[in-house]
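Right, one structure below, let's go through it.
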Amino acid sequence: MSRLDQCFKALKDSKQKALVPFITAGDPSADFTLNCMHEMVKAGASIIELGVPFSDPMADGPVIQRASERALAKGMSLRGVIEIVRAFRETDQTTPVILMGYLNPIEFMGYEAFASAAAQAGVDGVLTVDIPPEESADLIAAYDQYGLAPIFLLSPTSNESRIKKVSAVAKGYIYYVSLKGVTGAGHLELGEIETKIKEIKQHTSLPIAIGFGVKNAEIAANIAKIGDAVVVGSALINCITDHLDNQAQGQQGISSLLSEMRTAMDAVTQ
């Protein structure tokens, strides 16, 4: 059983939902990212999504775009992200780590070379924002060879045909984009989200993670009632951005927000 499967099973047994924080690797430094990963686990994170910085992150709003720019300016690369995961695994063999990013750096490194390096470092899955299932056969073959879960996105505009195609190839979990737009934007319509999640679950037994627009503990709790996992990204990166001159305060802000979310989520599921 993979780390992801073990994680979701343990959460189900304890009547909890997964809390999945996203941060951009290398923002504001590789050392901060590594320390933050450990601190997020202490604060209640179930799975970590680690963003691979990219020069044109088209699915991300300005908060994560600027985080990518800062990380790239410090020299962070795909290989650097993999090395952060390797260092994380020196003391944490339990928490699943997902890399989230865009196809270009993976293509440049080569599918098999990337999959091999990522798996050896302890990566559990990869969410590649800009590759549709129709074009993913070679990439998935490389992931399958090394035991990486290919994670795909669905959105409010995904029709039944698209849901079926994603469900046929996805592993680990499916990431549901809860609103139309980029990360960190918009207002969540919980009724619409619940209806869509029910539709998706007719075609897959995989857990459904819900992200985009999760800004506070109240929203996280409401999402936990609907899906299997709650993803929070921009709100955490705002903590980093607001305290670039005092990284300890930024870390404390992230830990406090995640602790509040964990408490609120557990209150509505247990």
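The values are calculated or read from the model by the stated rules, or taken from the named source; none is laboratory data. Computed from a predicted model, the values in this text were never measured in an experiment. Please note: Cβ atoms are built from the backbone with ideal geometry, for glycine as well, and neighbour counts cover all protein chains shown.
Quick test for you: out of 146, 176, pick the one residue that is buried (at least 18 other Cβ atoms within 10 Å of the Cβ), hydroxyl-bearing (Ser, Thr, Tyr), in contact (Cβ under 8 Å) with a residue 24 or more places away in the chain and out of contact with any Cys (no Cβ under 8 Å at 6 or more places or on another chain).
176 is the lone residue from the list that is buried (at least 18 other Cβ atoms within 10 Å of the Cβ), hydroxyl-bearing (Ser, Thr, Tyr), in contact (Cβ under 8 Å) with a residue 24 or more places away in the chain and out of contact with any Cys (no Cβ under 8 Å at 6 or more places or on another chain).
Please verify whether residue 33 is of a type in the set (Ser, Thr, Tyr), in contact (Cβ under 8 Å) with a residue 24 or more places away in the chain and part of a helix (DSSP H, G or I), treating the condition exactly as stated.
yes
What is the residue count in region 129-155 for residues that are under 18 Å from the mean Cα position of the chain (by Cα) and modelled with pLDDT under 95?
Of the residues in that region, 5 qualify.
From 109, 100, grab the single residue that is among the hydrophobic types (A, V, I, L, M, F, W, C) and touching a residue at least 60 places away in the same chain (Cβ under 8 Å). Before the answer, list the steps.
Details: 109 fails: touching a residue at least 60 places away in the same chain (Cβ under 8 Å).
The match here is 100.
Just to be sure I understand, how many residues within region 149-163 are over 17 Å from residue 59 (Cβ atoms) and loosely packed, with under 15 Cβ neighbours inside 10 Å?
Of the residues in region 149-163, 3 are over 17 Å from residue 59 (Cβ atoms) and loosely packed, with under 15 Cβ neighbours inside 10 Å.
Can you tell me how many residues in region 197-211 are over 13 Å from residue 8 (Cβ atoms) and crowded, with 19+ Cβ neighbours inside 10 Å?
Result for region 197-211: 4.
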